[in-house]
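Throughout, read-outs are computed from the coordinates displayed, never taken from laboratory work. What you see is a predicted model, and the numbers here were worked out from it, not measured in a lab. With ideal geometry, Cβ positions are generated from the backbone for all residues, glycine too; neighbour counts draw on all protein chains shown.
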Amino acid sequence: MKIVICPDGEQATLLTARVMEDAIRQQPDIALGLATGRTMEKVYAALVQAHHDRGLDFSYCQTFNLDEYVGISASSAQSYRTYMNTHLFSRVNIALSATHLPDGMATDLAARCLDYEKSLLACGGVGLQLLGLGENGHIGFNEPFSAFTSRTRVVTLDPATREQNRGMFDDNLDHVPYHAVTMGVGTILDARRIVVLATGAAKASVLADMIEGPLTASISATALQMHANCLVITDEAAAATLSRRSFINHLMQHDAELQGLLS
Ligand code: GLP
């Protein structure tokens, strides 16, 4: 795991978008693993800007989103499909047929989850996976106790997650689904490269668990410590409780890859 601490959330966001832009330029037909949440809205805005200002080309990319709510139709304002169409897909040159999200309305959800895994394999696997961090340590919707070997499946949402995401449902907790389909922790770990973006004081405690805590299925994000190519981009507010801060600073000054990112 490599860690970059930016002065603020805006710079962390821009650096994350730059990492994605560089990956797309290096491999135009890359399969991107994509995430949702408030943090990612600004990343997608920066990628849209890169498309307009620097001609960043999405036309050869495939995308696979981490998760979708069960029982929310793709066309509904609350679906992650709508979120992705609104923030990215309708604003860059990608065909909707190249964009994949789990189907939360399927009658046979288990079969569709298997199909999702098959389509990931068929495109050669995710080249770069973008991840946010839930306040309970989830990645995708892998709630506490998710097996590190878990694959795409239906999960029951943590009450803390439903509370955190109620803003997308007219602030009405009764409207937040109890279930979702998510790529598993094992599915996520199969990505060749992972970039995690976590900013703001609300993520400080869980970010410290993810980076410095022991591996535990109670905090799915700790599984990322096992990934050989995982970059964490954060800001001062979220990094506030890291105990190895001076070593992280040392790495930022002397690690060639991090130096390249920060130059
Ligand atoms: C949702 C998504 C997660 C994401 C999280 C972070 O729960 N399923 O993939 O990491 O939101 O949300 P935010 O960026 O709003 O803090």
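Give the residue, chosen from Ala217, Ala204, that is assigned to a helix (DSSP H, G or I) and surrounded by 14 or more Cβ atoms within 10 Å (Cβ to Cβ).
Working: Ala217 fails: assigned to a helix (DSSP H, G or I).
Testing whether each residue is assigned to a helix (DSSP H, G or I) and surrounded by 14 or more Cβ atoms within 10 Å (Cβ to Cβ) leaves just Ala204.
For the stretch 131-156, give me each residue that is hydroxyl-bearing (Ser, Thr, Tyr) and either in contact with a Cys (Cβ under 6 Å, 6 or more places away or on another chain) or more than 22 Å from Leu114 (Cα to Cα) (or both).
Initially, the stretch 131-156 is screened for residues hydroxyl-bearing (Ser, Thr, Tyr), giving 146, 149-150, 152, 156.
Thr152, the sole residue that qualifies.
Which residues, counting only those in the stretch 179-200, are part of a helix (DSSP H, G or I) and either among the charged types (D, E, K, R) or within 12 Å of the ligand (Cβ to nearest atom) (or both)?
Kept after step one, since they are part of a helix (DSSP H, G or I), are these residues of the stretch 179-200: 185-189.
Once the filter is applied, which keeps residues that are part of a helix (DSSP H, G or I) and either among the charged types (D, E, K, R) or within 12 Å of the ligand (Cβ to nearest atom) (or both), the stretch 179-200 yields only Ile188.
For every residue, the table says whether it meets (1) under 27 Å from Leu189 (Cβ atoms); (2) free of Cβ contacts under 8 Å to residues at least 24 places away in the same chain; (3) among the small types (Gly, Ala, Ser).
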{"site": "Leu32", "(1), (2), (3)": "yes, no, no"}
{"site": "Thr36", "(1), (2), (3)": "yes, no, no"}
{"site": "Tyr44", "(1), (2), (3)": "yes, no, no"}
{"site": "Val48", "(1), (2), (3)": "no, no, no"}
{"site": "Gln62", "(1), (2), (3)": "yes, no, no"}
{"site": "Gly71", "(1), (2), (3)": "no, no, yes"}
{"site": "Tyr80", "(1), (2), (3)": "yes, no, no"}
{"site": "Pro102", "(1), (2), (3)": "yes, no, no"}
{"site": "Thr107", "(1), (2), (3)": "no, yes, no"}
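Take the conditions within 13 Å of the ligand (Cβ to nearest atom), within 13 Å of the chain's Cα centre (by Cα) and either aromatic (Phe, Trp, Tyr) or over 11 Å from Ala12 (Cβ atoms) (or both) and apply them to Leu231. Does it pass? It would help to see each step written out before you state the result.
Values: within 13 Å of the ligand (Cβ to nearest atom): no; within 13 Å of the chain's Cα centre (by Cα): yes; either aromatic (Phe, Trp, Tyr) or over 11 Å from Ala12 (Cβ atoms) (or both): yes.
So Leu231 does not fit the description; no.
Tally up the residues in the stretch 141-170 that are among the polar types (S, T, N, Q), away from the ligand (no atom under 13 Å from the Cβ) and touching a residue at least 24 places away in the same chain (Cβ under 8 Å), please. Break it down stepwise before answering.
Looking only at the stretch 141-170, we keep the residues that are among the polar types (S, T, N, Q), and these are 142, 146, 149-150, 152, 156, 161, 164-165.
Those still in the list that are away from the ligand (no atom under 13 Å from the Cβ) too: 149-150, 152, 156.
Among the residues that remain, those that are also touching a residue at least 24 places away in the same chain (Cβ under 8 Å) are: 149-150, 152.
Within the stretch 141-170, residues that are among the polar types (S, T, N, Q), away from the ligand (no atom under 13 Å from the Cβ) and touching a residue at least 24 places away in the same chain (Cβ under 8 Å) number 3.
For residues that are polar (S, T, N, Q) and outside any helix (DSSP H, G or I), scanning just the stretch 4-55, find the one that is nearest to the ligand (Cβ to nearest atom).
Of the stretch 4-55, the ones polar (S, T, N, Q) are 11, 13, 16, 26-27, 36, 39, 49.
Right, trim to outside any helix (DSSP H, G or I) and you get 27, 36.
On the way: Gln27: 23, Thr36: 5 Å.
Restricting to residues being polar (S, T, N, Q) and outside any helix (DSSP H, G or I), the top hit is Thr36.
Please pick out the residue among Leu157, Leu197 that is closer than 26 Å to Asp22 by Cα and not polar (S, T, N, Q). Walk me through it before giving the result.
Details: Leu157 fails: closer than 26 Å to Asp22 by Cα.
One residue alone meets the criteria, Leu197.
From Ala160, Ala223, grab the single residue that is surrounded by fewer than 17 Cβ atoms within 10 Å (Cβ to Cβ) and assigned to a helix (DSSP H, G or I).
On the way: Ala223 fails: surrounded by fewer than 17 Cβ atoms within 10 Å (Cβ to Cβ).
Answer to the selection: Ala160.
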